[in-house]
Each structure stands twice: as C-alpha cells, then as structure tokens.
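First the structure, then my questions, so here it is.
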Amino acid sequence: MRLADIVQRGWEAVGTGDFDTLVADYTEDMVFIMPGQSNRLEGRTAFRSALESLGEILPPGFEITDLRQIEGENEVVSVISWKSEKIAASMLTVLFSFEGNKVFEERWFIDTEQWKNAF
C-alpha cells in the first residue's frame with residue numbers, strides 16, 4: 001500500500017469518527033504537533049485520547065472542502081482546503097513522516113493568526 005493511501009484512509013477515518021482505525025496506522029511513540037498550541041502530543045495513547053475532543057480543537061463549522069496527497073520518500077503532505085463559520089476559505093498542509101508503513105510524526109502547517117480568528 002502506498003503511504004498516500006494510508007494517509008487518505010486516516011482522513012476518511014476522521015470523517016467517520018473511526019479513531020481506532022486512524023491510530024492503528026501510528027507508531028506507539030508518535031508525535032503530533034500543531035502550531036499555535038502550547039503542548040505537543042507524544043504517544044499514540046495521548047493522541048487517541050485527544051481525538052475524543054476533536055470538536056473543541058477545530059474551529060466551529062470546520063469543513064474540509066478539498067484534500068490531496070503528495071507522496072515523497074517516507075513522507076506524505078496533505079494539502080487541505082477548508083472553511084469554517086468565520087473563515088470562508090483557506091488552506092493548510094499536514095506533514096506525515098513514516099517509519100515503514102506507520103506514521104511517527106504528524107505536523108500541521110497553518111496560518112496561526114487566521115486559525116485563532118476562526119474560533
């Protein structure tokens with residue numbers, strides 16, 4: 001399976017709320033980093049727990065309007081078009097770094113000022 005397919009499967013799992021399927025594709029010692037937040041999540045258990053509060057992490061009305069994957073060697077970049085109640089249209093990227101066929105780091109790149117204003 002291509003790495004981009006693994007990432008796509010993860011996005012689909014998020015969309016259906018199937019977080020167990022999502023985290024199965026991450027290493028036990030994975031790291032999640034989102035700019036503008038004071039903490040980073042370390043470990044699959046912490047990441048899985050945080051997903052239960054996904055509605056509080058994302059801006060009200062957050063919706064992905066377009067999604068595509070760019071695959072490199074041991075990495076995939078998701079290019080995401082999104083909107084929310086306060087933001088008519090924007091984009092962000094997410095870098096997924098892999099060890100074998102498991103994600104060991106997920107790092108979001110986003111306009112942090114715009115993100116804050118979306119809440």
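If you go through the range 70-119, how many residues are surrounded by fewer than 18 Cβ atoms within 10 Å (Cβ to Cβ), within 11 Å of the chain's Cα centre (by Cα) and aromatic (F, W, Y)?
Summing the residues that are surrounded by fewer than 18 Cβ atoms within 10 Å (Cβ to Cβ), within 11 Å of the chain's Cα centre (by Cα) and aromatic (F, W, Y) in the range 70-119 gives 1.
A further question on this structure: Please go through the range 1-51 and pick out each residue that is surrounded by 14 or more Cβ atoms within 10 Å (Cβ to Cβ) and on the phi > 0 side of the Ramachandran plot.
Scanning the range 1-51 gives a single hit, G43.
Name the helices (runs of 4 or more DSSP H) wholly within the range 1-110 that hold at least 2 residues that are free of Cβ contacts under 8 Å to residues at least 60 places away in the same chain and of a type in the set (S, T, Y)? Working first, answer last.
Numbers: elements: 3-16, 19-23, 44-51, 54-57.
Here the list reads 44-51.
To continue, here is another question. Taking the conditions exactly as written (among the β-branched types (V, I, T) and more than 12 Å from the chain's Cα centre (by Cα)), does T45 satisfy them or not?
yes
We did not get these values from a lab; they are worked out from the coordinates using the rules stated. The structure displayed is predicted, hence computed values, not measured ones. Cβ sites come from the backbone with ideal geometry, for glycine too, and all protein chains shown count toward neighbours.
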